[in-house]
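Inspection log for the structure reproduced underneath, given as structure tokens.
The values are calculated or read from the model by the stated rules, or taken from the named source; none is laboratory data. What you see is a predicted model; the values in this text were computed from it and never measured. Neighbour counts are summed over all protein chains in view; Cβ atoms, including those assigned to glycine, are modelled from backbone coordinates with ideal geometry. Heavy atoms of the whole protein, side chains included, go into the accessibility calculation; ligands, DNA and RNA do not. Shrake-Rupley method; radii C 1.70, N 1.55, O 1.52, S 1.80 Å.
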Amino acid sequence: MHLYRTWMYADCDKVKKLVSEKYPKFPASELRRNKAFVDDLTEADIKMTIRLQIVYSKFNIRYVFNAFQEFVGNMLKKFAGLENDELLQSFTSLFKDEFKIPRGSTINLTQEPVGGNHVGSVKSKLLCRSILDLYIGEEPFDKNAREDFLFNVASLADM
């Protein structure tokens, strides 16, 4: 059973620039399976948003907190090589018990503020990379969303 649906968005112009500068000879079919390209996407200064739409009616903020505490913590350690409790705490503190997330709610994780109820922000490239890796890295939370995103982003190479 899925608790939420995942959509991912990226700034097309900046992705096209990345592709034209670093991967000009790669067709989309090869580019989306290229680990270096995926790594470059997670490290690039490109506006990207991960949108989670809640589809399970008994979903709660504690679940979100626990999942991100564990998985983002592991990614921070993977990329920084050490525990980064202060940065993790600054992120997970945004998930407060008083927030209700009924079915149909959306959670947007983005490198820039977006419309809607802005809960807070954490300014850290390491944190952004860690969160993006959970969705477009080698072991994503949602493999179908990852494949759709990489297919769409890589198709910019053919434009």
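Structural remarks
- Projecting the Cα positions of Val19, Ile101, Tyr63 onto the charge dipole of region 4-156 (unit charges on Cβ atoms of Lys, Arg, Asp and Glu, taken about the Cα centre) puts Ile101 furthest along the positive direction.
- The residues of the chain expose on average 60 square angstrom of accessible surface per residue, using a 1.4 Å probe on protein heavy atoms.
- Accessible area, probe 1.4 Å, largest first, for residues Val122, Val72: Val122, Val72
- Close amide H pairs (under 5 Å, H built 1.01 Å from N) link Tyr4 with Val55, residues at least 5 positions away or on another chain.
- Remark: the Cα gyration tensor places region 71-153 in the oblate category, a/c being 1.5 or greater and a/b not exceeding b/c.
- Estimated FRET transfer efficiency when R0 is 25 angstrom, pair Phe71-Arg33 (beta carbons, to 0.05): 0.60
- Across region 28-41, coupling constants 3J(HN,Hα) worked out from phi with the 6.51/-1.76/1.60 Karplus curve, θ = phi - 60°, read 4, 4, 8, 4, 5, 9, 8, 4, 4, 5, 4, 4, 4, 4 Hz, and Gly and Pro carry x.
- Hydrodynamic radius by Kirkwood, which averages 1/r over all alpha carbon pairs of the chain, in angstrom: 16.5
- Heavy atoms of Asp158: accessible area, 1.4 Å probe, square angstrom to 10: 100
- Estimated at 0.36 nm per residue, the fully extended path between Arg5 and Glu43 surpasses their Cα-Cα distance by 11.3 nm.
- Surface share of carbon and sulfur [accessible, 1.4 angstrom probe, percent] for the chain: 49
- For the chain, calculated [θ]222 nm from helices alone, where every DSSP H run of n ≥ 4 adds -39500 (n - 2.57): -14500 deg cm²/dmol
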